[in-house]
1. Quick one: net charge around Ala149, please, counting Lys, Arg +1 and Asp, Glu -1 for every other residue with C-beta under 11 Å from its C-beta.
2. Hey, can you grab everything whose amide H is under 5 Å from the amide H of Ala121? Only 5+ residues off in sequence or another chain; H modelled, so Pro and N-termini drop out.
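What follows is calculated from the coordinates using simple rules that are stated; it is not laboratory data. Because the structure is predicted, anything quoted here is derived from the model rather than measured. Note that each Cβ is placed from the backbone with ideal geometry, even for glycine, and that neighbours are counted across all protein chains shown.
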Amino acid sequence: MSESDAPWPARVVVGVSGSLGSHTALCRAAREARRRNAELWPVLAWEPPGGELGARRTAAASPCTVDWQRLARERLLAALDDVFDAAGPGVALHPLVARGAPGRALVEIADREDDVLVVGAGRRGRLRRALSRSVSRYCLAHATCSVLAVPPSPLAAQLASVHRRNAWRWRLDTRRLEGPAEALPPDA
């Protein structure tokens, strides 16, 4: 069997944006890659501000493309460092920065039938679904491989609640915090 006839290694492709939901999806993708003995392909897809059409219309966008690419690479590396730290994911890692709409880029990269595409399901709610495009829904509709949509972390709702309270300057409800306090030993 020649090298060109060798089977492709199994891949787990995961969308990364740096959000809490994408961190959750990245952790799940690493677990799935270890379970399948597959390579992990974290992908950060980016578009120029104003989209591709806007970037083509202005000459000022051309020099900025290098900077946008560099920023996307830095954001991907920061997300990988946040999730895996120095230990790494425990499988072969192939980080990739792709220019294009996130859903389309992920579907194009995860093009093999035996690939697994992992995406964060995003926040739930009718208003969110009506007003924003969903990368996970695009991937579920267009991918030729298996797609794993990871629900948001249970802490995401609590974090959003804290952000709302801070934004509206509402007082913190301390009733759940009341109770007997445990004393720490003096040498702690």
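1. Working: positive: Arg28, Arg137; negative: none.
Within the 11 Å Cβ shell, the charges total +2.
2. Val150
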